[in-house]
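Only one structure is covered here, and it is reproduced in the block below.
Any read-out appearing in this document is the output of simple, stated calculations on the displayed coordinates, not a laboratory observation. These numbers were taken from a predicted model, which means no experiment stands behind them. Neighbour counts run over all protein chains shown; Cβ positions are idealised from the backbone, glycine included.
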Amino acid sequence: MSRSLRNILFCSDFSDDADFAFSHAVYQCKSHGAHLHVMHVVLSPDADTDPLMDQRLEHLDEKSKRLKIEEKGLLALRLQYERGLQDVAGSQYAIRFGSPDVEIIKYARENEIDMIVLGVVGRVGSHRGRLLHTAANVSKYSDCQVVTIGRSRRKSEEIIPD
Amino acid sequence: MSSPLAQAAHPISQNLDVLLELSFKSVLDSLPCYVSILDTGYQFIFSNQTIRNDFGEPAGRTCHGLLKGYAKPCTKCLVADTYQDKQIHIGEGSLKLATGEINQIIICTAPLIGIMGNVMAVIKIAINITKIKEAHKELIILGESMALLSHDIKNILEGLQGGAYVVEEGIKDNDMTLAGKGWRIVKKNIFEITRVAQNILYSSKKREPEMRMVNPALVVRDVIGLFQEKAGSMGIQLVFEINPKLPVVKMDQSGIVRMLGNLVWNAIEACRKSDDNNTGMVYIRADYFNKQQYMFEVEDNGKGMDDKTKQNLFREFFTTKGNSGTGLGLIVVDRIVRQHKGRIDVLSKIGVGSLFRVVLSLQ
């Protein structure tokens, strides 16, 4: 078994495309015996576009709101991904607030990440451009290897000639 | 409020009671420093009014618990040192006020020796020097800034003198090509000294932003207009990418133009100093960040920054431009962004380039 990769960071926006990328992150972890970091970045202080945002939290002050979102986010990451982590050497979860590209690179530097795995197509249309931008910036400015996983959206009739 | 003599049954307390009855209490209470007497368990036997005002009631509390918010005694404790060697100790430290504010202090501890020659308690006097420290820091910054600004202005003036000399020579020899060359040098240095003067003005006085509704795309076009010719003369290409769907937003237009201008100028300088042979490219973007926020981005393919440079970016008078920068540009950027309640993201990698993103509210 190769041990060249010790820490792999998988970044999720809770979309189907992120889940698709997750399977690759798990595969890499199993191949290298690496530790998996599962992370979500909350686009603070955006209250609408992040799946973790909740109108019931709006009355809270900024600090309490962040704590609640972090708690909720860690639970959501566990629920979404823990089942897929069988046979992975070790794992941990993280929630960060800010611009995804900046936070992903910062986290990778702080935690000596050897590889970052990102899904490149987002949940909804307006989100899609941002994710592509994030993936491009992470690839460009990160010190480690970056793998961006995308799913083709083409239908069979677009590929198979008549 | 209970008596400052927290434990009346304590033998030291009884002695102090006598002293305080001789009106020392009012003197100690009015001293503008923290005076306390601590037992071997670092609990307060006595505290003056200044301590009670700033930290609350000390009865039953330890020194480290009340003054620092620690559960355990400090690693380096002057009170412990005095208990151990019976000597006076002086040192610097910090403490946390009831408001949460951290203050710098000078601490002096002295033993109260009993008739058996043992240390019965330790007197601790702490003087708050936060304001003195701040003034000291400001003086250092002022000194550094004067040196940097003087050097910068001297360089520009030398450039102006050189340019004027070339113009004069050209006119004298009726050589308009030479005169034109000299004039370009003069213009370059006028541009530089104007920028320096504007940044000094912006960073040194409080200015109320003039908020009005403006289209961010127009702001980017203004900035491009300011730098297009200069960048072109350096072989650097400016590219602007604007989302035409961006709405008009409330902003201080001149402030935002200044902020973007400083970022673009830094990007041009980073490209100029890059060692690789690629064409210098500076991208200026205005787009949505999300539904509630929009962003300006300035990205270059210049030499990039190391971690140390990134950490010091928004420190006053920090510059990577050697003799050709005052370090004021990013301070002005930071100030304008804070005025607009926005934030700045920075991405950079040596040999790849840098990206500065300013995220502002659409509201």
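Points to keep in mind about this one:
- Across A:Lys63/B:Lys349; A:Lys30/A:Lys63; A:Lys63/B:Lys250; A:Lys140/B:Lys154, pairs whose alpha-carbon gap is larger than 30 Å: A:Lys63/B:Lys349; A:Lys30/A:Lys63; A:Lys140/B:Lys154
- Built amide H within the under 5 Å cut-off of B:Ile45, gap 5+: B:Ile37, B:Leu38, B:Asp39
- Residue order for B:His136, B:His151, fewest other beta carbons within 10 angstrom first, comes to B:His136, B:His151.
- Exposure proxy ranking, count of Cβ atoms within 10 Å, fewest first, for B:Leu360, A:Leu118: B:Leu360, A:Leu118
- Exposure proxy ranking for B:Met251, B:Met234, based on other Cβ atoms within 10 angstrom of each Cβ and starting from the fewest, stands as B:Met234, B:Met251.
- Distant alpha-carbon pairs in the range B:230-288 (separation over 15 angstrom), percent: 58 percent
- For the pair the range B:175-253 / the range B:274-306, the C-alpha centres are spaced 16 Å from each other.
- Whole-number Å³ per residue for the convex hull built on Cα positions in the range B:198-316: 132 Å³
- When the convex hull of its Cα atoms is projected in every direction, mean area for the range B:196-243 (nm²): 4.8 nm²
- Span-like helix check, chain B: qualifying full DSSP H segments, with Cα axial length of 27 Å or more and mean Kyte-Doolittle of -0.5 or more, are B:130-172, B:176-204, B:253-272.
- Placing one equal scatterer on every Cα of the range B:39-129 and applying the Debye formula, the log10 ratio I(q)/I(0) at q = 0.12, 0.14, 0.20 Å⁻¹ is -0.35, -0.47, -0.98.
- Choice from B:Asp252, B:Asp307, B:Asp334 with maximal GNM fluctuation in chain B (Cα, 10 Å cutoff): B:Asp307
- Average partner coverage of B:341-352, which counts Cβ from other chains inside 10 Å: 3
- P(r) weight above 39 Å for chain B, C-alpha pairs, percent: 45 percent
- Calculated over the range A:1-42: convex hull of Cα atoms, volume per residue (Å³): 48 Å³
- Per residue of peptide B:281-294, the mean number of Cβ atoms on other chains within 10 Å of the residue Cβ is 3.
- Treating each Cα of the range B:181-223 as one equal point scatterer and applying the Debye formula with no solvent, the log10 of I(q)/I(0) at q = 0.21, 0.23, 0.31, 0.33 Å⁻¹ comes out as -0.89, -0.91, -0.95, -0.98.
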